[in-house]
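Down below is the structure, laid out as structure tokens.
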């Protein structure tokens with residue numbers, strides 16, 4: 001099947017790339033569309049930074065600068081943000097592909113408790129106490145493996161059963177959470193090797209130079225690393241651009257020869273792995289794991305991705321936007337606490353933020369589509385106006 005003219009120009013408008021239109025065996029990439037989408041994304045991320053800064057300044061002026069704008073508070077704020085931000089990066093990849101993952105909180109809890117069981121075995125009171133380094137490595141590998149397997153199960157179910165991801169992940173959310181409760185009997189699991197907790201709780205020598213005594217920057221650094229990897233994958237690798245293509249128009253991507261099933265499975269695996277990484281960081285930071293961990297994180301993570309610019313219709317979003325969205329949501333919660341406002345307003349504010357973000361996304365998406373349609377129409381008009389080269393005597 002060949003896409004032509006205006007339809008080809010609009011095939012992957014949301015993703016900023018075109019794989020469906022072909023001319024003379026070559027792929028056509030609408031540079032104007034990609035540049036327009038890039039500008040829109042950059043403006044949205046810049047807008048998030050401005051909003052974060054403005055909220056922080058207002059709260060600091062009202063409550064006092066010492067309560068918000070100091071190194072200790074800011075680093076702890078980023079530490080609290082890191083868990084949601086790490087998972088939001090994986091969620092953004094899923095949303096870009098046109099899907100949704102409601103099981104991220106369940107994966108976060110299940111990978112945490114299964115990894116914690118291994119860590120406890122090699123803890124100070126466990127049978128494997130003599131090998132804490134080996135036990136820590138096995139605990140990390142187990143947690144990551146469980147998280148990846150959960151993501152793989154989600155992806156295969158979505159692709160093979162051909163059901164909406166909302167239904168699939170709603171079911172697996174309950175399944176994963178239930179397995180976590182059954183396996184732990186609703187009790188917390190602790191007694192980890194000192195290697196595990198020390199690796200996450202270290203202050204990286206900051207206290208030795210008199211900076212941030214008592215701070216634990218490792219969760220923040222993990223968040224930055226995950227965001228950087230997500231940015232490289234989505235923005236600089238062909239596989240990442242294929243995710244945008246599938247989210248922009250899955251049928252056109254399929255006709256272009258892309259392995260859409262494999263791409264969809266990969267983003268759910270990525271979301272699972274991000275949840276596993278967040279669970280590992282939480283295990284090391286808190287020194288224990290619980291089956292109740294991450295309750296309600298599903299909506300919080302989705303909210304961070306959407307507020308960060310991911311389109312629920314697919315085809316748009318960035319890893320940096322996901323981190324900024326998580327920072328904004330956490331800042332709102334922190335501001336409510338700092339200002340002494342009733343914390344029940346957290347849910348109200350986050351709900352309003354989601355609605356506003358979706359409305360802005362819809363408006364900007366329609367504006368971008370109209371502009372791309374105008375560009376395509378003007379190009380078609382220019383091509384139609386060009387005189388055709390007709391050999392002499394052909395019309396005789």
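In the set 58, 118, which member is within 26 Å of residue 322 (Cα to Cα) and assigned to a helix (DSSP H, G or I)?
58
Please find, within region 224-239, the residue that is nearest to the chain's Cα centre (by Cα) out of those that are crowded, with 21+ Cβ neighbours inside 10 Å and more than 21 Å from residue 150 (Cβ to Cβ).
227
When you look at residue 135, is it more than 23 Å from the chain's Cα centre (by Cα), part of a helix (DSSP H, G or I) and modelled with pLDDT under 90, yes or no?
yes
Would you check if there is a residue in region 368-389 being part of a helix (DSSP H, G or I) and either under 26 Å from residue 169 (Cα atoms) or in contact with a strand residue (DSSP E or B) (Cβ under 8 Å, 6 or more places away or on another chain) (or both)?
The answer is no; no qualifying residue exists.
Given the condition over 21 Å from residue 175 (Cβ atoms) and touching a strand residue (DSSP E or B) at 6+ places or on another chain (Cβ under 6 Å), answer yes or no: does some residue in region 99-121 qualify?
Looking through region 99-121, at least one residue is over 21 Å from residue 175 (Cβ atoms) and touching a strand residue (DSSP E or B) at 6+ places or on another chain (Cβ under 6 Å).
Working only within region 356-374, note down all residues that are in contact (Cβ under 8 Å) with a residue 40 or more places away in the chain and over 21 Å from residue 305 (Cβ atoms).
Of everything in region 356-374, those that are in contact (Cβ under 8 Å) with a residue 40 or more places away in the chain and over 21 Å from residue 305 (Cβ atoms) turn out to be 369, 371, 372, 373.
Check 318, 338 and return the single one that is closer than 30 Å to residue 60 by Cβ and either surrounded by fewer than 15 Cβ atoms within 10 Å (Cβ to Cβ) or at pLDDT 85 or above (or both).
So the residue among 318, 338 that is closer than 30 Å to residue 60 by Cβ and either surrounded by fewer than 15 Cβ atoms within 10 Å (Cβ to Cβ) or at pLDDT 85 or above (or both) is 318.
Of 88, 56, which residue is under 29 Å from residue 358 (Cβ atoms), over 21 Å from the mean Cα position of the chain (by Cα), surrounded by 15 or more Cβ atoms within 10 Å (Cβ to Cβ) and modelled with pLDDT of 80 or more?
Sole residue among the options that is under 29 Å from residue 358 (Cβ atoms), over 21 Å from the mean Cα position of the chain (by Cα), surrounded by 15 or more Cβ atoms within 10 Å (Cβ to Cβ) and modelled with pLDDT of 80 or more: 56.
Might you let me know whether region 169-192 holds any residue that is free of Cβ contacts under 8 Å to residues at least 60 places away in the same chain and under 20 Å from the mean Cα position of the chain (by Cα)?
No, because not a single residue in region 169-192 is free of Cβ contacts under 8 Å to residues at least 60 places away in the same chain and under 20 Å from the mean Cα position of the chain (by Cα).
Could you identify the single residue in 160, 221 that is in a helix (DSSP H, G or I) and within 18 Å of the chain's Cα centre (by Cα)?
Matching residue, one of 160, 221: 221.
Find the residue count for region 302-355, including only residues that are without any contact (Cβ under 8 Å) to a residue 60 or more places away in the chain and either under 14 Å from the mean Cα position of the chain (by Cα) or assigned to a loop (DSSP other than H, G, I, E, B) (or both).
Counting residues in region 302-355 that are without any contact (Cβ under 8 Å) to a residue 60 or more places away in the chain and either under 14 Å from the mean Cα position of the chain (by Cα) or assigned to a loop (DSSP other than H, G, I, E, B) (or both) gives 6.
The values are calculated or read from the model by the stated rules, or taken from the named source; none is laboratory data. Predicted model only: the values in this text are computed from it and were never measured. Cβ atoms come from the backbone with ideal geometry, glycine included; neighbour counts cover every protein chain shown.
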